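The values are calculated or read from the model by the stated rules, or taken from the named source; none is laboratory data. Only a predicted model underlies this, so the values are computations on that prediction, with no experimental measurement involved. Positions of Cβ are backbone-derived with ideal geometry, glycine not excepted, and every protein chain shown enters the neighbour counts.
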Amino acid sequence: MLSYPEIDPVIFRIGPIALRWYGLMYLLGFLASRFLVRKQLREMNPAGASALYATLDALIVWLVVGVVVGGRLGYVIFYGGGYYIDHPAEIFATWTGGMSFHGGVAGAMLAGTVFCRVHREDFWLWADRFALTAPVGLGLGRIGNFINGELYGRPSDVPWAMIFPLGGLVPRHPSQLYEAALEGVVLFSILWPLRKRTWASGKKFALFLILYALARSSAEIFREPDAQLGFIAFGWLTMGQVLSFALLLAGIGIWFWRGDHPDPLVRRSTK
């Protein structure tokens, strides 16, 4: 058994204001996405990339709002277990914890759709660009979960099991690190090399949804279900797996719906 490295979730505090590792991971994830999307723009269309930087920065603001609001509402709806019906004032108390990736994806898609319609941008092109970078933020977010000692794994006797402060005196899988590896390192290793593939726009986003759903469903086997929900069916099915199955179906649907016509921007830039 390994010792859990108890790291203070708060990096520093100035009066009532605190910088937490989890919040920092969100910030680093968005900064990484910005950097990597800019890199894609330069690679795909060197002459016109700089003209898109302002659009990129404006879109990121919308996506941040979409991810945070969608992630919080997703948690309230899917994982709240009825708690927020009796405590509505806490719905937007994000500092108390509780975010849903699946809700965050829905929020980002809605925000991105509105932005692209208002600014007459191609939603699917931008979705592809950001999808290839999303695993970086996912991996960092899981490391934040690990530092917080939350979303820990199920009891286990594997040599690398740990006792988490919030999980009782029981050795458990460090499932946050499994998810950081699967949803972060593995997904990025698969998706990032595909950035120059001349696929129909939207298919890289679809592939991200499919791969994430498979990675998350696999990691859920080792993750302790949320205490307020437990297993929701069959004695083994979790809410995360149900939502990931819906994401898998959405990814497959988008993959086939987008067809086989290459992204025209990529085609022009690679002649």
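Some points to look at:
- Residue-level analysis places ALA246 outside the set of residues that are of a type in the set (Gly, Ala, Ser) and within 27 Å of GLY149 (Cα to Cα).
- Residues that are of a type outside the set (A, V, I, L, M, F, W, C), in contact (Cβ under 8 Å) with a residue 60 or more places away in the chain and not in a helix (DSSP H, G or I) within the stretch 101-139 comprise GLU121, ASP122, THR133, listed in sequence order.
- Residue match in the stretch 68-75 (condition: in a loop (DSSP other than H, G, I, E, B), surrounded by 19 or more Cβ atoms within 10 Å (Cβ to Cβ) and modelled with pLDDT of 90 or more): no
- Listed conditions (1) free of Cβ contacts under 8 Å to residues at least 40 places away in the same chain; (2) farther than 22 Å from ILE232 by Cα; (3) over 19 Å from the mean Cα position of the chain (by Cα) are all met by VAL64, apart from (3).
- Any hit, the stretch 168-183, residues being under 26 Å from LEU125 (Cβ atoms), at pLDDT 95 or above, of a type in the set (A, V, I, L, M) and surrounded by fewer than 19 Cβ atoms within 10 Å (Cβ to Cβ): no
- Test for PRO193: is it over 18 Å from the mean Cα position of the chain (by Cα), not in a loop (DSSP other than H, G, I, E, B) and not basic (Lys, Arg): yes
- Residues of the stretch 1-42 that are among the charged types (D, E, K, R) and within 20 Å of the chain's Cα centre (by Cα): ARG20, ARG34, ARG38.
- Every pair of residues 6+ apart whose Cβ atoms lie under 7 Å, when the first sits in the stretch 19-43 and is under 29 Å from ARG197 (Cα atoms) while the second is of a type in the set (D, E, K, R) and part of a helix (DSSP H, G or I): VAL37/ARG129; GLN40/ARG129
- Test: residue in the stretch 97-120 that is at pLDDT below 90, out of contact with any Phe, Trp or Tyr (no Cβ under 7 Å at 6 or more places or on another chain) and within 30 Å of GLY230 (Cβ to Cβ): yes
- Count of the stretch 34-57 residues, restricted to those that are surrounded by 14 or more Cβ atoms within 10 Å (Cβ to Cβ) and of a type in the set (A, V, I, L, M, F, W, C), is 7.
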